[in-house]
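Below you'll find the structure, written out as structure tokens, and then a few comments.
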Amino acid sequence: MSEPLDEILNVVVGNFNQWITIFLMVAGLYVVVARGNMVKKLVGLSIFQTSVYLLYISPGKILGGTPPIITDGVEVYSNPLPHVLILTAIVVGVATLALGLGLVVRINEAYGTIEEEEIFDQGSDE
């Protein structure tokens with residue numbers, strides 16, 4: 001193979017987790033912006049949150065790193081802080097999703113629909 005093609009292939013394969021993170025982030029943001037259904041918007045928000053989790057976890061893993069327990073013969077340790085922060089973010093994300101779904105149920109009871117355009121039309125008629 002040629003040298004430039006090898007370099008491009010190394011960049012793509014070497015940064016695979018970043019490419020997946022970018023894809024999930026763009027896909028989640030697109031679903032939130034482009035869809036009118038509120039449940040689909042919540043699914044898009046969850047996809048976006050998952051991409052943020054990957055964004056923080058990916059650089060948190062050190063190859064050859066061990067848990068931060070001081071022992072003889074170990075010089076490389078992994079930092080546990082990103083993992084702890086992501087566990088907290090997952091709990092907050094689940095709570096946000098539950099609250100959003102509860103609001104969607106109440107909106108459906110009040111307006112009879114969960115489509116944004118139909119709710120806006122009902123609001124403008126009054």
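Roughly speaking, what is the centre-to-centre gap between segment 25-83 and segment 97-126 when only Cα atoms are used, to the nearest Å?
Going from one Cα centre to the other spans 31 Å.
Which residue, A110, A98, A89, has the most motion in a Gaussian network model of the chain that connects Cα atoms within less than 10 Å?
Greatest mean-square fluctuation among the candidates belongs to A110.
May I ask you to evaluate 6.51 cos²θ - 1.76 cosθ + 1.60, the Karplus curve with θ = phi - 60°, for each residue of segment 22-28 and list the ³J(HN,Hα) values in order in whole Hz, giving x for glycine and proline?
Karplus-based 3J(HN,Hα) across segment 22-28 equals 5, 4, 5, 5, 5, 5, x Hz.
For segment 50-59, what does the Karplus curve 6.51 cos²θ - 1.76 cosθ + 1.60, with θ = phi - 60°, yield as ³J(HN,Hα) per residue in whole Hz, taken in order and with x for Gly and Pro?
4, 5, 5, 4, 5, 4, 7, 6, 3, x
Considering only N79, A27, I47, whose Cα is most displaced toward the positive end of the charge dipole of segment 3-125, charges sitting on Cβ of Lys, Arg (+1) and Asp, Glu (-1)?
The residue sitting farthest along the positive end of the dipole is N79.
If I stretch the segment between E3 and S78 completely, what's the gain in nm (0.36 nm per residue apart, minus their alpha carbon distance), one decimal?
23.5 nm
Can you pull a Stokes-Einstein diffusion coefficient for segment 3-125 at 25 °C (0.890 mPa s), Rh from Kirkwood over Cα pairs, as a whole number of µm²/s?
138
A short reminder: the numbers here are calculations on the coordinates, not readings from a lab. It should be emphasised that the depicted structure is a prediction, and the values quoted were computed from it without experimental measurement. Quick reminder, even Gly has a Cβ in these numbers, built from the backbone with ideal geometry, and neighbours come from all protein chains shown.
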